[in-house]
Amino acid sequence: MKISWFRWLDRYQISDSAVLGAVALGLGLATGIAVWLFKGMILLSHNILLERLGGFLETYGVWTIVFIPVIGGLIVGLIQFHFIGVERHHGVAGIIESVALSGGRLRYWRIPAKSVASAVSIGAGASVGPEDPSVQIGSNFGSMFGSLLRMSEERVRTLVAAGAAAGVASAFNAPIAGVFFAVEIILGEIGTNALGIVVLSSVIASVFTQAVSGTQPAFRVPAYAFNSEWELILYFVLGLLAGPVSALYVKFLYGFQDFFHNLKMPSWGKPAVAGLLVGAVGIFLPEIFGEGYHVIGDVLNGRTTVVRLLFALMIAKLVMTPVSIGGGFAGGVFAPALFIGSMLGGGVGLVAQSLFPSLNIVPGAFAMVGMAAVLAGTVHAPLTAILLLFEMTRDYRIILPLMFAVVISFLISRYIEPDSVYMLGLARKGIRIERGRDLEVLERITVGEVMTESPPFLRENTSVKEALDYMYKHRVHGVPVLTSNGELCGIVTMHDVRDSGWEENETIGNVCTRDLTVTYPDETIGAALRRMSVRDIGRMPVVSRENPKFLVGLLRRSDAIRAYDIALKRHTLLRHRAQQARLGAFSGVEVQEIVIQSGAECDGRAVRDVALPRDCVIASVRRGSNLFIPRGETILKAGDVLVFIAEGEARNSVIELCQKRKETDLGATES
């Protein structure tokens, strides 16, 4: 009799830790091998497209290089159209969503096609990096192992994070940075047991990578030295510049995604259009082709010393990477961020060297710090950026200015663009994730969204009698009190007046509560309500963080109730998104959603009476703040959002049923 391996484990009482450890070993080894093969595919693609085909075309003129990214774009577009399909989120953002909402379930069967598309993209010169595909390889292996072994969602999430760590470790030969990448970006937080699995997988992947590729770091750099404390001012300036550049990089990425999404042409042809733009720029600046590691190495070792060239390359990469990714090329944002940072830092270092020759400045050191600063500002993971650069260069002497510039860049970038390059894609679809989990209901609403703006107020020299008349007339129980200069000094309530024993000429400045509990527009409703509950108060002044005396609004309990209603609607929407992610992960088919238009064929009809295609499954319906699974007698209405699974002609039929107007309505309109 055949015994399943689960029963075998039970019979011999093998512990969960031993099983997970063995799986982590296999995951790290599998990821290391897969990423090594992926790097080989990139090299093969580069040799065929840029070296051989590009060299052949170059005999007809340098301008012919423009055709290589176009050809690569066509190949990538066809691979994605026939073998991958539409994806909800690009790269790591999809992994983060899966870990937070669908228990780490990923469509791991698509990884071979994705890897080929990424290798062709980089080999053809698209301005993308290899680290995002490497992370996807590891994460999908983790999801596959967890699914095949029928593990719990929590363990699958851990394996997905461990695979991501192994992917980073293999891509950059940086196991410690891989662990912090998994903790900071994929999981958000991690327990002791999960940490062991992540570390083990990352180390095994790195050991294999070093065994087949050598122990040398990703970039060979000369010895640097931190010569003077005055250099910190220059690194501070570098951080000030890297922050806005990082935020601009993030905005460009999604701006060009929107541009290509709205471009009216077949999806498989869009990468060719992006390739045409990249190729046109590459005629003049061929250094932007591919991940650009050799260009970064030249800057770090002082072989590129033209300031204008460095800044030109920075701007070109800053634009062409969003063009490449927005157009549909497969690849990552990590390596381009390192490229942009090295060009920015190298340029700043050369300028500083010419202005302050007595400081013995090494421009390569600024290039290295710039790499980490822009990366931290882009992915909002400062520890990952610091450790990644430290492991890739193996140089400890630059760690002080490195941390200094990274923190400055991170803070400025987050101030300009609060969401990272990964989180912004999720936020644009209504998904807010913190510490790898969905935020609590009231933690998604800020005070500024529900407060009463420009609330009524009284001056402190107003008499108590006038204040009472005002509150009775406007039916309010409390009013903020301002000084003659317009500064907040207190709040007066009916309770204050009743207990004061006020006299005829008494002013509210003498009876109002001056020991105020305040809140801020960017604070969450959850935090504000907890503070109101502790003090047992019914209203709180909302003030500016920059000037606590400046009144910007008033938060009342009724506002908090309204906030809860808004939060519930958002929570329903997020459940709706989570269901889509789960359905897509388990079915292997792209989950669609569509809004029923007024007068459509299915508007006002029961589900059983609608001629739905046989190959279509209606998963759920969202109506306002309600989410439900429809039955045969469920009446569909205009404005309902249908979540359905269908492909090809079945998908088109559902769209027609939800958007095409009834024939009777059309006839009435025409008549």
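The values are calculated or read from the model by the stated rules, or taken from the named source; none is laboratory data. Given the structure is predicted, the values throughout are model-derived calculations rather than measurements. Quick reminder, even Gly has a Cβ in these numbers, built from the backbone with ideal geometry, and neighbours come from all protein chains shown.
Could you please tell me which pairs satisfy a Cβ distance under 6 Å, a separation of 6+ or placement on different chains, a first residue in segment 282-306 that is without any contact (Cβ under 8 Å) to a residue 24 or more places away in the chain, and a second residue that is of a type outside the set (Phe, Trp, Tyr)?
Listed pairs, sorted by first residue: ASP298/THR304.
Evaluate segment 238-258: report whether one residue or more is among the β-branched types (Val, Ile, Thr) and in contact with a Lys or Arg (Cβ under 7 Å, 6 or more places away or on another chain).
No, segment 238-258 has no match at all.
How many residues, within segment 144-157, are assigned to a helix (DSSP H, G or I) and at pLDDT below 90?
8
Filter segment 118-156 down to the residues that are in contact with a Leu (Cβ under 7 Å, 6 or more places away or on another chain) and surrounded by 24 or more Cβ atoms within 10 Å (Cβ to Cβ) and list them by number.
Of everything in segment 118-156, those that are in contact with a Leu (Cβ under 7 Å, 6 or more places away or on another chain) and surrounded by 24 or more Cβ atoms within 10 Å (Cβ to Cβ) turn out to be GLY123, ALA124, GLY125, SER139, ASN140, PHE141, GLY142, SER143, GLY146.
Conditions first: (1) surrounded by fewer than 15 Cβ atoms within 10 Å (Cβ to Cβ); (2) under 25 Å from PRO382 (Cβ atoms). HIS261 passes all but one, so which condition is the exception?
For HIS261, the exception is condition (2).
Scan segment 458-479 for residues that are buried (at least 16 other Cβ atoms within 10 Å of the Cβ) and under 15 Å from GLY490 (Cβ atoms) and jot them down.
Result: LEU458, ARG459, GLU460, THR462, VAL464, ALA467, MET471, GLY478, VAL479.
Scan the strands (runs of 3 or more DSSP E) fully inside segment 565-629 and keep the ones with 2 or more residues being modelled with pLDDT of 55 or more and in contact with a His (Cβ under 8 Å, 6 or more places away or on another chain).
Ranges flagged: 617-623.
Going by the structure shown, is LYS264 of a type outside the set (A, V, I, L, M) and part of a helix (DSSP H, G or I)?
no
Pick from GLY275, GLY269, GLY255: which is surrounded by 16 or more Cβ atoms within 10 Å (Cβ to Cβ) and touching a Pro at 6+ places or on another chain (Cβ under 8 Å)?
Going through GLY275, GLY269, GLY255 in turn, the sole match is GLY275.
Can you work out which of the residues in segment 494-519 that are within 20 Å of VAL552 (Cβ to Cβ), buried (at least 17 other Cβ atoms within 10 Å of the Cβ) and not aliphatic (A, V, I, L, M) is modelled with the lowest pLDDT?
Ranking the candidates gives CYS512 first.
For segment 327-341, enumerate the residues that are over 20 Å from SER413 (Cβ atoms) and assigned to a helix (DSSP H, G or I).
GLY327
Just one of (1) modelled with pLDDT under 90; (2) within 23 Å of GLY282 (Cβ to Cβ) trips up VAL128, so point out which.
Only one criterion in (1) modelled with pLDDT under 90; (2) within 23 Å of GLY282 (Cβ to Cβ) is unmet by VAL128, namely (1).
Quick check on my filter: what residues within segment 94-114 are of a type in the set (A, V, I, L, M) and part of a helix (DSSP H, G or I)?
ILE95, ILE96, VAL99, ALA100, LEU101, ILE111, ALA113, listed by residue number.
Can we say VAL250 is out of contact with any Phe, Trp or Tyr (no Cβ under 9 Å at 6 or more places or on another chain), buried (at least 23 other Cβ atoms within 10 Å of the Cβ) and in a helix (DSSP H, G or I)?
Against the criterion (out of contact with any Phe, Trp or Tyr (no Cβ under 9 Å at 6 or more places or on another chain), buried (at least 23 other Cβ atoms within 10 Å of the Cβ) and in a helix (DSSP H, G or I)), VAL250 qualifies.
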